[in-house]
Amino acid sequence: MSSLERAALAVLLPGFGGTSLGDGPRRLLDEGLGGVCLYGANTADGPDAVAALTAAINEVAGAVVAVDEEGGDVTRLHAAEGSPVLGALALGAADDLALTRQVGRQIGSELAALGVTMTLAPVADVNSRPDNPVIGTRSFGTDPDRVAAHVAAWTGGVQGAGAAACVKHWPGHGDTDLDSHLDLPRLDAGDALLHRRELAPFRAAVEAGVAAVMTAHIVVPAWDPDRPATLSATALARLRDELGFTGVLVSDALDMAGASAAIGIPGAAVLALAAGCDLLCLGADPGAADAEVRLVRDVQAAIVAAVHDGRLPEERLAEAAGRVAALPRPAPGQRYDEADPVLLRAGAAAAVTLEGTLPDLRGARVVRVDSPGTIAVGDVPWGLPVDGPFDELPDGLPALPLVVQVRDAHRQPHVAEALARVAGRDAVVVEWGWPGPATTGLPRICSRGWSRPGRSAVEELLRSAGWDR
């Protein structure tokens, strides 16, 4: 294998199938693959299996091992039972920087203890658009200064525990109304607003020494009207030149429509490298046997061809590979530090709010109006155990009081229609998603995301009104 072919592998971060290291990924690692990104399918067998997997990876090569571990709604290590720590929106609502730092430290120490190099978090997006379909509770909130403070605290916690943080999604995905997994969103904000709102949390992360920044597949017309930030040299240069970031620039997954729908993943990979990305996240395991290996080979070949025909300077490729190689790795024997449970419970209680007055909930029936999770969140638990599906309630509805659980009710018509059925009854709505406008007149509990501590805080509030679970 030539040095150019090896360098082309060194900047790639693919996913792959299974909870153990297969022969195909093993060969790629042996040839110089930059890293692997773990998804729920890789972590399904629990922490011991994850540790064995990362050990197998590192026996072959000192590659980057990355995972989306944001806490709250987005967890890969705890996809079966839900996150043990509060997510970003709940932390922002509690507004206790010591708690946010401890949560970051717990996540970072768990990753380091398992041999995971980097979490693709925290989310630095200021969720200024309530109907945002992909950020929502993953954001620390709507105020740029508060988001910036919590991004810096979370980053410091993670990196102080031995793992690298990768703040995302540059330059800010919060004021968009499309999901870049499925479409190409636009951020229609002028340069002054971008600096005041979107860039503030990234500036705080850079000042906190964040190791990596992930790009967004969004068009920012004020900077580049033609290409999404991931593929825009102008948008990426702003991060380097104006914020002084010198670490690793990681692309968001290139299998997402916002990056590759029109040009394919290999084409997007070449453009992202040429624009200034250093480590290319290719996306989840494609599914078919050896499909991830074929994808990596296709991208590798496209990068080599782009160098040969002058579309990608070899110096740019070498620079990217060098930055990836310099990314800090966890030291062996890292310990797992849990956040103070008293502080965590207090934060969860502070994040939960009650609008209105709870009815008498003795004997209440618990139901849930199902709503699909986003691709970013995936299939993880949410809500309290139910007594039966909402759709199976008789038209007249029982006389018992109801606890009706929803997510993002304000942006899902079928949820609003369901809530209309219980308006005027002894019922309480538990909103586990982004707390948008309330329209039913019913009392509402807002948890600001789902986590195990958040669930406990909601249960305590319900028990105060006679709920007997």
Matching residues, the range 84-101, being in a helix (DSSP H, G or I) and either of a type in the set (A, V, I, L, M, F, W, C) or in contact with a His (Cβ under 8 Å, 6 or more places away or on another chain) (or both): ALA88, LEU89, ALA90, LEU91, GLY92, ALA93, ALA94, LEU97, ALA98, LEU99, THR100
Matching residues, the range 27-48, being at pLDDT 95 or above, open to solvent by 20 Å² or more (accessible area, probe 1.4 Å) and not in a loop (DSSP other than H, G, I, E, B): ARG27, ASP30
Verdict on ALA284 being open to solvent by less than 70 Å² (accessible area, probe 1.4 Å), modelled with pLDDT under 95 and not polar (S, T, N, Q): yes
Any hit, the range 41-54, residues being in contact with a strand residue (DSSP E or B) (Cβ under 7 Å, 6 or more places away or on another chain), in contact (Cβ under 8 Å) with a residue 12 or more places away in the chain and among the charged types (D, E, K, R): no
Failed condition for LEU419, given (1) closer than 29 Å to GLN102 by Cα; (2) open to solvent by less than 20 Å² (accessible area, probe 1.4 Å): (1)
Cβ-Cβ under 7 Å pairs, at least 6 apart or on other chains, the range 6-21 side without any contact (Cβ under 8 Å) to a residue 40 or more places away in the chain, far side of a type in the set (A, V, I, L, M, F, W, C) and crowded, with 20+ Cβ neighbours inside 10 Å: THR19/LEU53; SER20/LEU53; LEU21/LEU53; LEU21/ILE57
Filtered residues of the range 236-279 (kept if farther than 22 Å from ARG186 by Cα and either in contact with a strand residue (DSSP E or B) (Cβ under 7 Å, 6 or more places away or on another chain) or modelled with pLDDT under 95 (or both)): PHE245, GLY247, VAL248, ASP278, LEU279
Selection count where residues are in contact with a helix residue (DSSP H, G or I) (Cβ under 8 Å, 6 or more places away or on another chain), assigned to a helix (DSSP H, G or I), touching a residue at least 60 places away in the same chain (Cβ under 8 Å) and among the charged types (D, E, K, R), scope the range 289-342: 2
Residue list for the range 115-129, restricted to those being touching an Asp or Glu at 6+ places or on another chain (Cβ under 9 Å) and not acidic (Asp, Glu): VAL116, THR119, LEU120, ALA121, PRO122, VAL123, ALA124, VAL126, ASN127, SER128, ARG129
Of residues in the range 243-288 being without any contact (Cβ under 8 Å) to a residue 24 or more places away in the chain and more than 14 Å from GLY15 (Cβ to Cβ), the one nearest to the chain's Cα centre (by Cα): SER260
Those residues of the range 207-243 which are in contact with a helix residue (DSSP H, G or I) (Cβ under 8 Å, 6 or more places away or on another chain) and β-branched (Val, Ile, Thr), in sequence order: VAL210, VAL213, THR215, ILE218, VAL219, VAL220, THR230
Residues within the range 341-361 that are closer than 29 Å to GLY108 by Cβ and loosely packed, with under 14 Cβ neighbours inside 10 Å, tallied: 2
Residues (touching a Lys or Arg at 6+ places or on another chain (Cβ under 7 Å) and part of a loop (DSSP other than H, G, I, E, B)) located in the range 102-120: THR117, LEU120
Selection count where residues are touching a His at 6+ places or on another chain (Cβ under 8 Å) and farther than 16 Å from ALA259 by Cα, scope the range 157-193: 0
Candidate set: the range 223-249, residues that are over 18 Å from PRO201 (Cβ atoms) and among the small types (Gly, Ala, Ser); chosen: the one most open to solvent (accessible area, probe 1.4 Å): ALA233
Of the criteria (1) modelled with pLDDT of 95 or more; (2) out of contact with any Phe, Trp or Tyr (no Cβ under 7 Å at 6 or more places or on another chain); (3) open to solvent by 10 Å² or more (accessible area, probe 1.4 Å); (4) farther than 14 Å from LEU38 by Cβ, which one VAL60 fails: (1)
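The values are calculated or read from the model by the stated rules, or taken from the named source; none is laboratory data. As the structure is a prediction and not an experimental result, all values here were calculated from the model. Note: ideal-geometry Cβ built from the backbone for every residue, glycine included; neighbour counts use all protein chains shown. Protein only, heavy atoms only, side chains kept; ligands, DNA and RNA dropped before computing areas. Shrake-Rupley method; radii C 1.70, N 1.55, O 1.52, S 1.80 Å.
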